[in-house]
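The values are calculated or read from the model by the stated rules, or taken from the named source; none is laboratory data. In this text the structure is predicted, and so the values were computed from the model without any measurement. Cβ sites come from the backbone with ideal geometry, for glycine too, and all protein chains shown count toward neighbours. Ligands, DNA and RNA are stripped out before the accessible areas are found, and what is left, the full protein with its side chains, is counted by its heavy atoms. Shrake-Rupley method; radii C 1.70, N 1.55, O 1.52, S 1.80 Å.
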Amino acid sequence: MLVAVLAGDGIGPEIMVEARRVLDVLAIPDLTFEEAPVGGAAYKAAGHPLPPATLDLAKRADAILFGAVGDPDCDALERHLRPEQAILGLRKELTLFSNLRPAKVFGELADASTLRKDVAEAIDILIVRELNGDVYFGEKGMRTTTAGLREGYDIMSYDEAEVHRIAHSGFQAAQARRSKLCSVDKANVLETSQLWRDVVIEVSKEYPDVELSHMYVDNAAMQLVKNPGQFDVIVTGNLFGDILSDLASMCVGSIGLLASASLDANNKGLYEPIHGSAPDIAGQGKANPLAMILSVAMMLRFSLGLSAEADRIEAAVAKALSSGARSGDIGGSLSTRAMGDAVLAALA
Ligand code: NAD
Ligand code: IPM
Ligand code: MN
């Protein structure tokens, strides 16, 4: 089995090193790794954020481990050359439409949340975010209005097939958990969301065992802070899912803790933390590698059929945290390497 290793920019390579150390200790037979540049690093080396050789590797691989992309040096480039286009391109080219972003509090870590401990302790949410459509992939551009004003535009749309397949992902994820699905939209204002809601209701007929509810996205943001324990699975569109998952990460304690899987219809997947390249702390050994390490666990479980090894990693992360390992983002001072060491010690 081949794993593509795309470390990317900023803290991406720093946290990827720790993920690789965990994989080395597990010593899984027949697992091979191939690295390739992506994002700003690839632009600087090869003139494109997603060079053909990197895309080809991602297509050949059985699974993809992805660090993060984003480089302030590249923020003024034409949009198609910016680092972020690499992750968007991979999601689209590989039809990775279903993005699973679990947010669960590690018992010992409820103090790291900026929510009250009794509120934070109840969090066990799975956000199922659509990843191939929405305002991300509609027509966009800059134009001049008839009044001579500059105008930027990005068209938001979903067709029913796109909503249909992510709705199935949401219902099936709920069936595997506590059988509650909350669909988040903005149907009071947006036609895109009205279609979303209509299709989710149609699909719900196939899942009578799942309790379906609907919530507007503004209320959902408020409810995630007020009473996050009310949610089991949330299914939502690309943009709302992006925003709500960063919000949920801080309810849990830190964005440095949240892993994700981006899956196609056959569970081929790309695995990455939900955070970015964190240029403000890059190169300082401060990044929390746990989101990246937990992304490895998701990869082993979903794409490589190695759930016992995935369980081992998750248990080791929980053990490291309960033994007091804390990087700066969760109230401690351990370096990226020391956090990796703590997980390795717990694995031994
Ligand atoms: P970010 O997620 O990179 O950082 C937000 C804040 O969280 C920063 O203060 C950062 O230091 C902190 N943080 C993030 N990850 C951390 C970790 N593992 N440990 C400790 N602290 C952590 O978001 P941003 O600053 O808005 O974006 C920076 C760049 O990353 C941008 O170029 C953006 O486009 C890109 N980005 C990429 C991805 C991706 O590759 N999938 C995701 C989000 C943002
Ligand atoms: C994420 C990121 C990306 C997104 C960016 C970097 C394109 O924020 O993975 O959450 O908006 O999807
Ligand atoms: Mn994001």
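Of all accessible surface on the chain at a 1.4 Å probe, what whole percent is carbon and sulfur? Could the numbers behind the result be given before it?
On the way: 7620 of 14560 Å².
Summing carbon and sulfur atoms, their accessible area is 52 percent of the total for the chain.
Of K180, K286, K268, which has the most accessible area and how do the rest follow, probe 1.4 Å? Intermediate results must be reported in sequence, preceding the final value.
Details: K180 70, K286 105, K268 40 Å².
Correct descending sequence by accessible area is K286, K180, K268.
Around L88, under 11 Å between beta carbons, what's the net of Lys plus Arg minus Asp minus Glu among the other residues? Intermediate values should be presented prior to the final figure.
Working: positive: R79, R82, R91, K92; negative: E84, E93.
Here the count lands on +2.
Sort 139-146, 235-242 by packing, meaning the average of other beta carbons within 10 Å per residue, with the highest value first. Don't jump to the answer; show the numbers that get you there.
Numbers: 139-146: 8.6, 235-242: 24.1.
The packing order, highest mean first, is 235-242, 139-146.
Can you tell me the convex hull volume per residue for the chain, based on C-alpha atoms, in Å³ to the nearest whole number? Provide the component values of the computation, followed by the final result.
On the way: hull volume 48.7 nm³, N = 348.
Once divided by residue count, the hull of the chain is 140 Å³.
Any idea what the dipole of the chain comes to, in debye rounded to 20, about its Cα centre with Lys/Arg Cβ at +1 and Asp/Glu Cβ at -1?
400
Farthest toward the dipole's positive end in segment 106-157, which of A122, M142, A110, given Cβ charges of +1 (Lys, Arg) and -1 (Asp, Glu) about the Cα centre?
Positive-most Cα among the choices belongs to M142.
In what sequence, highest mean first, do 199-205, 91-97 appear when ranked by Cβ atoms within 10 angstrom? Can you show the working numbers first?
On the way: 199-205: 16.3, 91-97: 18.1.
With the highest mean Cβ count within 10 Å placed first, the list reads 91-97, 199-205.
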